[in-house]
Amino acid sequence: MTADPHCIFCKIVEGQIPSRKVYEDDELFVFHDIHPWAPVHFLMVPKLHIPSMAQVGPEQAGLLGRMMALAPKLALQEGCRPYPEGGFRIVVNTGAEGGQEVHHLHVHVMGGPRPWLKG
């Protein structure tokens, strides 16, 4: 897989930087966010270095589909309650104006019990 030697997520995927791994296969690496915004907050990253959603092409359609299909399973595994009482949020920031801080495509999955929210 192609990696960027200066990318922090590529270094995490390659094991050069420690992380709290949630899941790994040939194409994906999933790990807990170090600054969580919710009780459950993990990142799904392709092992292939893709800078952002803006660089995704038809050849990545299968990869993105796998990520979206895997997210619910991992959300439940990590502590989110099932739909409809529970749930989770998926966020993909793209580019500087979209709030992307690390320029390696990544999907945030956030959820879990939050007693301060009603409903």
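Nothing in this text is a laboratory measurement; each read-out follows from the coordinates by a stated rule. Values in this document were obtained by computation on a predicted structure and should not be read as measured data. Cβ coordinates were reconstructed from backbone atoms using ideal geometry, including for glycine residues, and neighbour counts include every protein chain displayed.
Just a few scattered comments:
- Charged side chains reduced to their Cβ positions (Lys and Arg at +1, Asp and Glu at -1) give the range 24-119 a dipole of some 440 debye around its Cα centre.
- Value of relative contact order over the chain, rounded to a whole percent, pairs C-alpha under 8 Å and six or more apart: 30 percent
- Calculated Rg and Dmax of the range 54-119 using C-alpha coordinates, Å: 14.1, 42
- Peptide packing: for 81-94, 44-57, the average count of neighbouring Cβ atoms within 10 Å per residue gives the ranking 44-57, 81-94, highest mean first.
- Here the Karplus curve 6.51 cos²θ - 1.76 cosθ + 1.60, taken at θ = phi - 60°, turns the phi angles of the range 13-26 into couplings of 4, 7, x, 6, 10, x, 8, 9, 5, 9, 6, 8, 9, 5 Hz, with x standing for Gly and Pro.
- Entry for Cα extents along the principal axes in Å (calculated from the structure that is shown) out of [x] 35, 32, 26; [y] 48, 30, 23; [z] 43, 31, 30: [z]
- For the chain, lysine pairs with C-alpha atoms less than 23 angstrom apart, excluding pairs fewer than eight positions apart on the same chain, total 5.
- The chain: angle of helix 61-78 to the longest principal axis, Cα-based, in degrees nearest 10: 40 degrees
- In this simple spin-label approximation, Met68 and Ile17 carry label points 7 Å from Cα along the Cα→Cβ vector, and these lie 2.8 nm apart.
- The length gained on full extension between Ala61 and Glu85, counted as 0.36 nm times the residue separation minus their Cα-Cα distance, comes to 5.6 nm.
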